[in-house]
Structures are given as structure tokens and as C-alpha cells.
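K.L.:
After the C-alpha cells below, expect a handful of questions from me.
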Amino acid sequence: MFRGSSFHTMDSKGRVIIPSRFRDLIRAGGGDRVMVSRMDGCLVGYPLDAWRGIETRLLALAQKSDAMRRFRRVFVGGAYECTCDKQERILIPPMLREYAGFEKDIVLVGVLDHFEIWSRDTWEAENQALETDLKKEEVRNEIASLGL
């Protein structure tokens, strides 16, 4: 499972170092490649095995609403297969860097079955949004239902 977060810098060519704890999971899930797409203002990274499962579930969906077609189009159509180089970095395609607002400082965040890559500024805003949400009773109750 992908856990924890770490702060990094993206180089001028758009390459990002993948932490060793994430690389081990990527290798276990299909080699030295990861599928990267966009969602919620950040990038999401999945080992190849997990990505294949997502594609299978998307194909099996009986629901073919306009929203689901649009989601498939953007999420799958905007996905890129990124390979780890000898320095354990992946190259983030320019289109995805632009979407996520990457400049230099980024944060990699483990989210159990995948990891996310955030611009540092957007990540800080996400943390502030959580603090605001935690003031809402329904959010606290939902978290409490997990036994936390």
C-alpha cells in the first residue's frame, strides 16, 4: 500500500524522483512503469496491474451516462505510461504538468492503492480545506465511523 508523503522538486525537464517505498510497490505491480492521469487538481499514479483493473471496471460499467463517458474520455484519454529511468525518476508529460500547476516544488502522497503528485501550493490548500471540513459535524461523524 502507498503511504506517507514526501516533498520533492521537479527538474527543468519535468522529471520527478519516485521515493523508494513507492518504487517497490510500482515494481511489484508490473515493472518499472506507472500510469499517471489527472484528477482533483493533482496527478494520480497507479502500478500497471492496478491500472488494468481500473480499465476493466470502466469497460464493464453498465452505466453509460454522459458524465461517465466524459470521465472515461478525460481520465483514460489523459493517462500516460511513465517509465522510471536509471536515476529512479519519471518524466511527467507537459500536458499533465500544466493541468496540476507544477512549477518546481511538489509533494508525493500515498493514498493506499495509488499515489498522488501535487504542486506544493495546491497541497497546502488541500490541507487547509481538510481543516475546514473537520469543523463540520457530518465529516467528523463519517471519520468517527472508521473508528478513528
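Just so it is clear, none of the values below were taken in a lab; they were calculated from the coordinates. It should be emphasised that the depicted structure is a prediction, and the values quoted were computed from it without experimental measurement. Note that each Cβ is placed from the backbone with ideal geometry, even for glycine, and that neighbours are counted across all protein chains shown.
K.L.:
Testing the spin-label approximation: label points 7 Å from Cα along Cα→Cβ at K104 and A129. State their distance in nm.
P.N.:
Between K104 and A129, the simple spin-label model gives 2.6 nm.
K.L.:
Please enumerate, by chain and number, the aspartates and glutamates with C-alpha under 13 Å from the C-alpha of K86, excluding those fewer than 8 residues away in the same chain.
P.N.:
Partners within reach: D32.
K.L.:
I would also like to ask the following. When we measure straight from the Cα of K104, which aspartates and glutamates land under 13 angstrom away, once same-chain ones fewer than 8 places off are left out?
P.N.:
D11, D121
K.L.:
Continuing with the same structure: Order 109-121, 3-15 from most to least packed using the mean count of other Cβ atoms within 10 Å.
P.N.:
109-121, 3-15
K.L.:
Here's a follow-up. If you line up the Cα atoms of the stretch 5-120 on their principal axes, what length do they span on each, largest first, in Å?
P.N.:
42, 30, 21
K.L.:
Cα gyration tensor of the stretch 22-69, axes a ≥ b ≥ c as square roots of the eigenvalues: rounded (a/c below 1.5), prolate (a/b > b/c) or oblate?
P.N.:
oblate
K.L.:
If the cut-off is a Cα-Cα distance under 18 Å, which aspartates and glutamates reach K13, setting aside same-chain residues fewer than 8 apart in sequence?
P.N.:
Within the straight-line cut-off, K13 pairs with E81, D85, E88, E98, E103, D105.
K.L.:
Beta carbons within 10 angstrom, averaged per residue: use that to sort the peptides 88-96, 65-73, highest first.
P.N.:
Ranked by mean Cβ neighbours within 10 Å, highest first: 88-96, 65-73.
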